[in-house]
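**Q** The structure that follows is given in the form of structure tokens.
The values are calculated or read from the model by the stated rules, or taken from the named source; none is laboratory data. Everything quoted here is computed from the prediction, not taken from an experiment. Neighbour counts run over all protein chains shown; Cβ positions are idealised from the backbone, glycine included. These accessible areas exclude ligands, DNA and RNA; they are computed on the full protein's heavy atoms, side chains included. Shrake-Rupley method; radii C 1.70, N 1.55, O 1.52, S 1.80 Å.
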Amino acid sequence: MPFRLLLPDEKLASIHDLDFEALGMRGIEGIIFDLDNTLGVWGFTRMEEETLHYLHDAQRQGFRLGFLSNDHGVGREAVQQSLADHPMIFNAQKPKRSGYRAILENFELLPHQTAMVGDQLFTDIFGAKRLGMYAIMVDPVAPDVEDRSVRFRRFFERQILRFKK
Ligand SMILES: [Mg+2]
């Protein structure tokens, strides 16, 4: 299959469509989330209550949770505080592997025991697939609130996603 490392294993409308039970059956014990346009609108500075409930629910079901963002994290102290019990890395430079690896080490899990959830193919998904992680792509929370370089990349994402059955 062409673009094997660029194709997500699952493509969902939102994080709320994740099937925790099915992930558990696959042997997945840890989930790494992208922040912007995955857990909230681009650049969000506070966690929505609903999203926090969702994450607590995932944790109650036994998953380790981590957060990996390419944003610099300035002004996002409230987000970090809301999720202080979990590893959160800013400036991750996805698709570089170092950030993913740091979280895997924290989880004490191997790549195939971990899922990455994100809205971008060339960063979130590619980085995860390079390491052999299970990759879940979600639609952006608010696609119209993105910077121009991201919107430009969306065009190429669409061309590649046509290969996904
Ligand atoms: Mg994102």
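**Q** Run down the lysines and flag those whose C-alpha is under 19 Å from the C-alpha of residue 164, throwing out any fewer than 8 positions away in its chain.
**A** Residue 164 reaches 11, 129.
**Q** Also, quick follow-up: Note down the net charge around residue 90, summing +1 for each Lys or Arg and -1 for each Asp or Glu among other residues with Cβ under 15 Å from its Cβ.
**A** On the way: positive: 76, 94, 96; negative: 34, 36, 71, 77, 124.
Net charge in that neighbourhood comes out at -2.
**Q** Beta carbons within 10 angstrom, averaged per residue: use that to sort the peptides 26-33, 38-45, highest first. Intermediate values should be presented prior to the final figure.
**A** On the way: 26-33: 20.2, 38-45: 18.2.
Averaged packing, sorted descending, gives the order 26-33, 38-45.
**Q** Can I ask one more? State in Å² the accessible area per residue of segment 1-142; use a 1.4 Å probe, count heavy atoms of protein chains only, and round to the nearest integer.
**A** The answer is 48 Å² per residue.
**Q** Also: DSSP loop GluC sites (Glu not before Pro) in segment 94-152 with at most 10 other Cβ atoms within 10 Å of their Cβ, which ones?
**A** Passing both the DSSP loop test and the Cβ count: 108.
**Q** When Lys and Arg each count +1 and Asp and Glu each count -1, what net charge do the other residues less than 15 Å away from residue 5, Cβ to Cβ, add up to?
**A** Net local charge, residue 5 excluded: +4.
**Q** Identify, among 127, 42, 55, the residue whose Cα sits farthest towards the positive end of the charge dipole of segment 4-161, taking +1 on the Cβ of Lys and Arg and -1 on the Cβ of Asp and Glu, with the dipole about the Cα centre.
**A** 127
**Q** Rounded to whole Å and ordered largest first, report the semi-axes of the equivalent ellipsoid of segment 4-161 derived from its Cα gyration tensor (root of 5λ).
**A** 21, 19, 15
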